[in-house]
Amino acid sequence: MSGSDSVKTVVVIGGGLSGLSAANAINETANRVGFPIRTILLERDSWLGGKIRSVEGDGYLCETGPNGFLDNKPSTMALVNRLGVAERLYKSDDNARKRYVFSDGKLQRIPEDPLSFLTSELISIRGKLRLGMEFLLPQGDPNKDESVAEFVTRRLGAEALDKLIDPMSAGIYAGDPNVMSLKSCFPKVAMIEQQFGGLLRGMLEMQKMAKARGVEGPQNAGPSGVLWSFKKGTGEICDILADRIGKENVRSGVEATSLTRTESGWTVECSDGEKIEAASVVMATPAYDGAKLLQPHAKTASAIMENIPYVPTAMACLGYERGDIEHPLDGFGFLIPGKEGRKILGSLWSSSIFPNRAPEGKVMFTLIIGGARSPELVHLDDEALMGVCCDEMDITLGIKAMPTFNKITRWDRAIPQYVVGHGARVAQVEAELKEVGAIHLGGNAYYGIGINDCTARADTLAPEVLRGLGVEVVEPEQGRRPDTTT
Ligand SMILES: Cc1cc2nc3c(=O)[nH]c(=O)nc-3n(C[C@H](O)[C@H](O)[C@H](O)COP(=O)(O)OP(=O)(O)OC[C@H]3O[C@@H](n4cnc5c(N)ncnc54)[C@H](O)[C@@H]3O)c2cc1C
């Protein structure tokens, strides 16, 4: 198949959220500027959504990957509004603002404001004093790409690292803060230190600035915001996007097997034998898959992409009779610091967060297992893994009953890890791809790992792709700007 002269073809490789939102954004932008384009999306699996899949069974709604997205970054909410599907959203329950940490052998609420922080038992008096000293510390070297652990120990002390940031790193990245790059994983935190000289100073300044704009309340350096999902689970956004891109343009069960550079772009060879002539290609696969396709054309980029580490995770959805659980489950769930030596990274109280996740009279938990801390557990068989989950439910929540429902999902390479030096390596990849031409980098291995990052990247990719085709594109309108918060 070849694109005619008047209609250029763009091929997006990968039908996870990154690819789906990029294909949709390219079509939206092309329509807006009146440029005729055909966007074809290739997905190797027979289903769309990649890591995002919402599965119904026995009246439960399980997520195999993400449980939702936060509204502290604008891109996903803006996408939902542009698609006109805001009525499909579920806002998380107000109780889900309560988050817990399993520390010193018990569940402890994470303080949300200065007063509850002062009275909380989670951090010792010594740890609180050390945190307060942050005010007095000099700014670090802006050119150094520090690890998250180095940064937090330097500014906030070892206890804040162990009890707050280590579990948060596990909850977002399933990662090890000792190797994670602060600049790439928590760019907003790095920016606050550089802009204001320190975190506490920065938060106070940001609060003043927000107040001047009429926004009340504390400004956080870490991830904040309200969690949202869809009535049929996060998978619904992928179905909506696929519909919008059009059945005729979305090929599931079709792998891109090789790329050949041509004068006018690329020939994309597909597993079904088809060869597509593309003016431009968007690589929205995991980094290691993209590395294989790029190997003949961009050797350095390919080697860097191949070496981006991924950690495995298992997600276990467990359903129980409500009457078997004493705990009020009045919150989002909990994360566990590595120092506690537990076998799970944490547990989401899924049926307390969104309304239709469990049938009447039942509750559902989602346990996160593996990550950088204990990758070997992901490969236990179902029976052994269920044994681990039940033991952990007993130790953390005192639940002795057996679940009456379970669904386990394993991801061998679940979440890319942005280890120290990540930003510089991605810049090297981009530089080489620019030389090669007509190829663009999507996927969550480069500029942010979460749902909001995938949709924000789609918004920057679309004008980039069209400009590469010689189209004049004015700056994205409000609400579609690239976002670098968190
Ligand atoms: C367990 C887990 C929990 C998470 N929780 C959250 C959360 O609560 N909130 C949040 O914001 N984010 C969360 N995330 C992250 C979120 O899931 C990702 O941001 C997002 O799903 C990544 O989408 P993607 O399209 O970049 O990659 P993927 O979903 O990996 O999709 C890439 C696709 O490319 C396809 N592909 C690869 N090679 C080829 C080829 N040659 N030809 C055709 N197709 C190809 C693959 O089959 C795959 O479908 C979680 C992730 C995991 C794993």
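A short reminder: the numbers here are calculations on the coordinates, not readings from a lab. Keep in mind that this is a model prediction, so the values were computed, not measured. Cβ sites come from the backbone with ideal geometry, for glycine too, and all protein chains shown count toward neighbours.
Under a crude label model (7 Å from the Cα following the beta-carbon direction), how far is His327 from Thr119 in nanometres?
Placing both labels 7 Å beyond Cα along the Cβ direction yields 2.3 nm.
Quick check on my link table: of Lys106/Lys407; Lys91/Lys231; Lys73/Lys211; Lys247/Lys275; Lys51/Lys231; Lys232/Lys362, which ones sit more than 21 Å apart, alpha carbon to alpha carbon?
Working: Lys106/Lys407 26 Å; Lys91/Lys231 10 Å; Lys73/Lys211 19 Å; Lys247/Lys275 19 Å; Lys51/Lys231 18 Å; Lys232/Lys362 18 Å.
In this structure, Lys106/Lys407 lie more than 21 Å apart at Cα.
On a straight-distance basis, which lysines could pair with Lys299 in a cross-link, Cα separation under 20 angstrom, same-chain partners fewer than 8 positions away excluded?
Straight-line reach from Lys299, under 20 Å: Lys434.
Could you give the dipole magnitude of the range 1-151 about its Cα centre, charging the beta-carbon of Lys and Arg +1 and that of Asp and Glu -1, in debye to the nearest 20?
Values: 19 positive and 20 negative charges, 30 e Å.
Charge dipole of the range 1-151: 140 debye, to the nearest 20.
Pull out the extension gain between Asp272 and Ser258, defined as 0.36 nm times the separation in residues minus the alpha carbon to alpha carbon distance; nm, one decimal. Don't jump to the answer; show the numbers that get you there.
Numbers: separation 14, 0.36 × 14 = 5.04 nm, distance 1.21 nm.
Gain on stretching Asp272 to Ser258: 3.8 nm.
Got a sec? Charge dipole of the chain, +1 on Cβ for Lys and Arg, -1 for Asp and Glu; which of Gln194, Val282, Val465 is way out at the positive end?
Towards the positive end, the residue furthest out is Gln194.
Between Ala427, Val152, Asn67, whose Cα lies farthest towards the positive end of the dipole of the chain when Lys and Arg beta carbons carry +1 and Asp and Glu beta carbons carry -1, centred on the Cα centre?
Value computed over the given set: Val152.
Give the aspartates and glutamates whose C-alpha is closer than 20 Å to that of Lys343, dropping any in the same chain fewer than 8 places away, or say none.
Asp104, Asp162, Asp166, Asp176, Glu376, Asp381, Asp382, Glu383, Asp391, Glu392, Asp394, Asp412
At 0.36 nm per residue, minus the direct Cα-Cα distance, what do Asn95 and Met133 gain on full extension? Give it in nm, one decimal, please. Mind showing how you got there, number by number?
On the way: separation 38, 0.36 × 38 = 13.68 nm, distance 3.21 nm.
The Asn95-Met133 span can extend by a further 10.5 nm.
Cut-off under 18 Å on the C-alpha distance; same-chain residues fewer than 8 positions from Lys208 excluded. Which aspartates and glutamates are left, in chain and number order?
Output for Lys208: Asp113, Glu193, Glu216.
Please get the size of the charge dipole for the range 123-212, origin at its Cα centre, with Cβ charges of +1 on Lys and Arg and -1 on Asp and Glu, quoted in debye to the nearest 20. Display every interim value, and only then the final one.
Working: 12 positive and 11 negative charges, 87 e Å.
Dipole of the range 123-212, to the nearest 20 debye: 420 debye.
Contact order normalised by length for the range 239-382, with contacts defined as Cα pairs under 8 Å and 6 or more residues apart; what percent is it? Spell out each step's value before the answer.
Values: 200 pairs, mean separation 24.0, N = 144.
Reported relative contact order: 17 percent.
What is the distance in Å between the Cα centroid of the range 103-156 and that of the range 365-416?
29 Å
Among the helices of the chain (complete DSSP H runs), which have Cα atoms covering no less than 15 Å along the helix axis and a Kyte-Doolittle mean of at least 1.0?
Helix filter hits for the chain: none.
Picking from Met364, Gly338, Cys185, whose Cα lies most toward the positive end of the charge dipole for the chain (charges on Cβ: Lys, Arg +1; Asp, Glu -1)?
Cys185
Counting alpha carbon pairs within less than 8 Å and at least 6 residues apart, what relative contact order, in whole percent, applies to the chain? Write down the numbers at each step before the final one.
Details: 982 pairs, mean separation 126.0, N = 486.
The normalised contact order for the chain reaches 26 percent.
In the chain, once you exclude exposed GluC sites (Glu not before Pro) (DSSP loop, at most 12 other Cβ within 10 angstrom), what's the longest stretch remaining? Let's see the in-between values first.
Numbers: sites that count: Glu121, Glu216, Glu263, Glu326, Glu360, Glu472, Glu477.
By the stated rule (loop sites, at most 12 other Cβ atoms within 10 Å), 1-120.
Mind giving me the FRET efficiency for Asp141 and Ser374? R0 is 41 Å, r the Cβ-Cβ distance, nearest 0.05 is fine. Can you show the working numbers first?
Working: r = 33 Å, r/R0 = 0.82.
FRET efficiency, Asp141 to Ser374: 0.75.
Can you list the cysteines of the chain that have no other Cys Cβ under 4.7 Å away?
Isolated Cys, the chain: Cys185, Cys238, Cys270, Cys389, Cys390, Cys454.
When the dipole is taken about the Cα centre of the chain, and only Lys, Arg (+1) and Asp, Glu (-1) are charged at their Cβ, what size is it in debye, to the nearest 20? Mind dumping the intermediate values first?
Details: 54 positive and 63 negative charges, 198 e Å.
The calculation lands at about 960 debye.
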